[in-house]
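In what follows, a structure is listed as structure tokens, so that the remarks can point back to it.
The values are calculated or read from the model by the stated rules, or taken from the named source; none is laboratory data. Just so it is clear, the structure is predicted and the values come from calculations on it, not from any experiment. Counting neighbours? That spans all protein chains shown, and the Cβs are built from the backbone with ideal geometry, glycine included. All accessible areas refer to the heavy atoms of the entire protein, side chains included, with ligands and DNA or RNA removed. Shrake-Rupley method; radii C 1.70, N 1.55, O 1.52, S 1.80 Å.
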Amino acid sequence: MGGVVRVLLVDDHILMREGLRKLLEIEEGIEIAATAGGGEEALSLLARIPDGERPQVALVDARMPGMDGVELVARLRTEFPDVAPVILTTFDDDDYIFGGLRAGAKGYLLKDVPPDELVAAIRRAARGETVLGGVAGERLVSALRETPAPAAEPDGPPGGLSEREYEIARLVAAGAANREIARRLHITEGTAKNHISSCLRKLGLRDRTQLALWVSGNEHRPGG
């Protein structure tokens with residue numbers, strides 16, 4: 001991909017944001033289009049930028065207050081699909097790695113990545129390629145090796161939901177809040193919220209109440 005790659009930096013630590021800005025803005029072919037201290041601010045910024053002028057790549061921290069990186073990635077892929085999210089974080093938790101990739105991240109890098117590799121990753125993500133740092137790549141390969149090929153199952157969860165999404169939907173129907181869901185399933189609260197958003201999107205529902213009613217209807221139908 002020729003030309004300048006416009007980048008959005010999203011990190012709640014101002015020193016990290018400004019450090020990344022100074023690191024990247026001296027690179028030829030990289031332009032820092034905007035910075036944001038959190039997910040809501042990032043989405044608001046993008047909404048004000050005209051089509052065709054938005055950043056091609058968003059570097060997103062994984063752990064942020066309010067809206068974590070996984071949820072922001074999911075929102076970006078839904079609301080701004082022309083922006084390629086790359087998670088850049090100090091955390092190598094499986095929840096963040098696999099949650100981020102499932103949500104639509106084009107890459108997962110740790111903040112100790114060498115500057116030249118970070119710049120190369122940004123350019124690759126702008127071209128639509130997937131970029132994985134060493135730890136994320138190793139975890140992904142390990143998971144593929146350790147997970148046996150699934151046996152054919154004639155009946156899966158209804159509505160096209162994954163097993164985990166249906167499990168979370170049933171907890172929502174039981175009245176569990178995001179924090180309780182996260183505690184019971186040993187996942188982050190942001191990951192729980194991301195799964196609920198995915199359920200609503202797949203089922204064409206508006207809110208948790210409709211999701212609870214949908215679960216109730218499926219649980220009590222004949223053969224359900």
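The figures follow:
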quantity	calculated
Cut-off under 5 Å, modelled amide H: who pairs with T89 long-range	L109, L110, K111
Per-residue SASA entry for F80, accessible area with 1.4 Å probe, Å² rounded to 10	20 Å²
Fluctuation leader among V57, V83, V113 - the chain, Gaussian network, Cα springs under 10 angstrom	V113
Ranked by how many other beta carbons lie within 10 Å on average, peptides 171-177, 200-206 from highest	171-177, 200-206
GNM flexibility winner over the chain from A105, A121, A47 (Cα, springs under 10 Å)	A47
Estimated [θ] at 222 nm from DSSP helical runs (n ≥ 4, -39500 (n - 2.57)) normalised by residues in the chain, nearest 500	-15500 deg cm²/dmol
Å² of accessible area per residue within the chain, as computed with a 1.4 Å probe and no ligands counted	52 Å²
Correct choice for percent of Cα pairs over 30 Å apart that was computed from the model, options (1) 29; (2) 18; (3) 38	(1)
Spatially proximal lysines relative to K202 (Cα-Cα < 20 Å; intrachain offsets below 8 disregarded)	K193
Max mean-square fluctuation residue, GNM over the chain, Cα-Cα springs under 10 Å, options A74, A103, A120	A120
Loop GluC sites (Glu not before Pro), region 1-71, which have at most 13 other Cβ atoms in a 10 Å radius of their Cβ (DSSP)	E28, E53
Three semi-axes of the equivalent ellipsoid, region 61-138, Cα gyration tensor, whole Å, largest first	18, 16, 10
